[in-house]
Each structure stands twice: as structure tokens, then as C-alpha cells.
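Input: a single structure, listed below in C-alpha cells.
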Amino acid sequence: IIKHVCMKPEIEERLLGMDNIIQALNNNIQLLEYISFNLHKESFNLFNNIGLVWIWQNLMANQIIEFYKLIVVNEKFSFRKTLNLSQGLKENIDFKSLDSMILDLNNDYDIHKFEIVRSKYLAHQDLKNEEVKTDIVTIRKFTDKIISTFTFLAKEFNWKHSDLNNIVENSFNEIFDKIREYEKMGAYLFVAELKGEKTVEIESLSKSIK
């Protein structure tokens, strides 16, 4: 992050806090999508591995909690509280556009009942109430809208936010790349054993896992 030399410390504190939340949202949604859509042909997936289900559920829960931090007005790093602080400090930013974007986020937050999910099922674990469901596509769309609003806000302050990359997702994918290699190696050795081969060439084994 590049510090803007003329930025008021109160604003920079808010932007840094929001930036950390945005990073979490970006990493969470990538992992949610990876686990949801990329593993159905793998030996380990959401249909047969309770560990992956646990990771997926906790990522989803964390994503909704991070939404709350940015949307609910009383939260320190919410968009609305940051905008109100900026108005009080008479910052030279596009308040009208930001206000409209924040209202749009709040509206979507209510429509998709994220607060009900967070309050009843995550905060209070109230399982007696009627079930409220959400889905990965809705989570992705809302995440994208939040990130777009934040990048606009950061640009208004001429503030360089952290890079939004896929390093965490790629690191997670490396685990399954290794699993695929071991599975291919095991299959090759199994066939060799069926053929009665006592030894295998390293070069042939290496080619089998590529």
C-alpha cells in the first residue's frame, strides 16, 4: 500500500481497515468458487469429504460477516461511516456517486437477507426459525459490487489499495495438483504390477504424471 502524503490519519485508518476486509472477501470468494466448481471430478470434493464441507461452510460464514463489517452503518469500517467521516472532514471526493453506490449496496444486502443469515444463523445460531438460504452466485455478485465500490472510494482519495490477486487460490490449487500427480503415479505402478513388471523406468513414470 502506498501512503498518500496529504491524507488525514483518520481517513487512512479507515481505508487500511477496509482494505484488509476487501482482501479477505477476494480470497474467500475465490476459494468458495474453486471448491464449488473445480473439484467435482477429484477424489476429494464436497460430496465425499467432510473436511472440505467444513472449510466451505466457514468460508461462506466469514464472507457474510465481512459483508456486515462494510455495510452496517455502526461498524467502524463500514462504507457509510467512512463517508460520514469524510464529509465531516470536508474531503474533496464525489459524495453524490459514493452515496448512491452505498445505498445500492445496502439495498442488495437487504434483498438477499444477508443480515438475517448473519444474525440468526451465524451470531445466534437460531435454528428454530424458517431457513434462509443464499448461494455462491449471489455471494460472488455482491462481493464484486463491494470491491467495485471500494476501488472507486480508494481512487477518490488517490490511495493505492492492495493488489487483488489469486495467490491464495493458486496455493490451494497446488494441493490438488500434487494429489493428481500421486494418483497418476499410483495408477501407472498398478498397471505395471499387473503386467508383472518388477521395475519401472523413472523417465516413463515421470511422463505418466504430466
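Just give me the residues in the range 128-171 being more than 14 Å from Q63 (Cβ to Cβ), of a type in the set (V, I, T) and modelled with pLDDT under 95, in sequence order. Even if it seems obvious, please write down each step before you answer.
So in the range 128-171, the residues more than 14 Å from Q63 (Cβ to Cβ) come out as 128-133, 148-167, 169-171.
Right, trim to of a type in the set (V, I, T) and you get 132, 149, 151, 167.
Those that are more than 14 Å from Q63 (Cβ to Cβ), of a type in the set (V, I, T) and modelled with pLDDT under 95: V132, I167.
Considered as a group, the residues in the range 76-107 that are touching a Leu at 6+ places or on another chain (Cβ under 9 Å) and among the aliphatic types (A, V, I, L, M) include one that is surrounded by the fewest Cβ atoms within 10 Å (Cβ to Cβ), and that residue is I93.
D110 - would you say it is without any contact (Cβ under 8 Å) to a residue 24 or more places away in the chain, over 23 Å from E10 (Cα atoms), open to solvent by 50 Å² or more (accessible area, probe 1.4 Å) and not hydroxyl-bearing (S, T, Y)? Yes.
Out of all the residues in the range 39-88, which are polar (S, T, N, Q) and free of Cβ contacts under 8 Å to residues at least 60 places away in the same chain? Show your work before the answer.
Residues of the range 39-88 that are polar (S, T, N, Q), as a first pass: 43, 45, 48-49, 57-58, 62-63, 74, 78, 82, 84, 86-87.
Of everything in the range 39-88, those that are polar (S, T, N, Q) and free of Cβ contacts under 8 Å to residues at least 60 places away in the same chain turn out to be N45, N48, N49, Q57, N58, N62, N74, S78, N84, Q87.
If I filter the range 4-24 for residues that are open to solvent by less than 60 Å² (accessible area, probe 1.4 Å), out of contact with any Phe, Trp or Tyr (no Cβ under 9 Å at 6 or more places or on another chain) and not hydrophobic (A, V, I, L, M, F, W, C), do I get at least one hit? Scanning the range 4-24 turns up at least one residue that is open to solvent by less than 60 Å² (accessible area, probe 1.4 Å), out of contact with any Phe, Trp or Tyr (no Cβ under 9 Å at 6 or more places or on another chain) and not hydrophobic (A, V, I, L, M, F, W, C).
Evaluation of E33 against the conditions (1) within 22 Å of K113 (Cα to Cα); (2) surrounded by 15 or more Cβ atoms within 10 Å (Cβ to Cβ); (3) without any contact (Cβ under 8 Å) to a residue 12 or more places away in the chain shows that the sole unmet condition is (3). Any idea which residue in the range 40-65 is farthest from F172 (Cα to Cα), counting only those that are open to solvent by less than 50 Å² (accessible area, probe 1.4 Å) and aliphatic (A, V, I, L, M)? For the range 40-65, the residue satisfying everything is I64.
Condition first: polar (S, T, N, Q) and closer than 22 Å to A24 by Cα. Can you find one or more residues in the range 76-90 that meet it? I'd like the intermediate steps shown before the answer.
First, pick out the residues of the range 76-90 that are polar (S, T, N, Q): 78, 82, 84, 86-87.
Right, trim to closer than 22 Å to A24 by Cα and you get 78, 82.
Scanning the range 76-90 turns up at least one residue that is polar (S, T, N, Q) and closer than 22 Å to A24 by Cα.
For the range 71-117, the candidate set comprises residues that are basic (K, R) and in a loop (DSSP other than H, G, I, E, B); within that set, the residue that is farthest from the chain's Cα centre (by Cα) is K90.
The values are calculated or read from the model by the stated rules, or taken from the named source; none is laboratory data. Being a predicted model, the structure only gives us computed values, none of them experimental. So basically every Cβ, Gly included, is an ideal-geometry build from the backbone, and we count neighbours across all protein chains shown. Heavy atoms of the whole protein, side chains included, go into the accessibility calculation; ligands, DNA and RNA do not. Shrake-Rupley method; radii C 1.70, N 1.55, O 1.52, S 1.80 Å.
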